[in-house]
Amino acid sequence: MSLRSTGLGFSALLVLCSSASAQSPNPDGCWEPQPRCLTASTEWDEQVFQTMLTNNCLGRVYVQVCHTRRNRSADCGEFAIPQGKSDVFETAKAPTGASNWLYIGSQKPSKDAACTSQLTGWADFKDRFAN
């Protein structure tokens, strides 16, 4: 499996994709979402930075999102978003307005870690956006 999408600061999107449609789930319930099916909007008031992610994919996705702080440290979180739903990740301590994310399809909450372990780059994702 490959990374589906990474967002890069100030509401811009960079999409890394390898196929045009979703794949069938593997035995762990992991699947590769179609490109651009997770959409984002951001709000920033110099004190609090929010990224709202909306799941327009064909099923539940598991997301890792990181915000970069002014000191170049990363504030990251991981969570699932059901199909058709949205969730918000917020950073309140000196955000820069830079937001990055990636995601994978995961049908089984108990297998989220198994799904993320199949993605190259998931484990060191937050390190790429910190010092």
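Contour minus end-to-end for D87 and Q47, with contour as 0.36 nm per residue of separation and end-to-end as the Cα-Cα distance?
12.4 nm
List the lysines whose Cα lies under 23 Å from the Cα of K93, skipping any in the same chain that are fewer than 8 positions away.
Within reach: K126.
Readers should treat all values here as calculations from the given coordinates under stated rules, not as data from a laboratory. Computed from a predicted structure; not experimentally measured.
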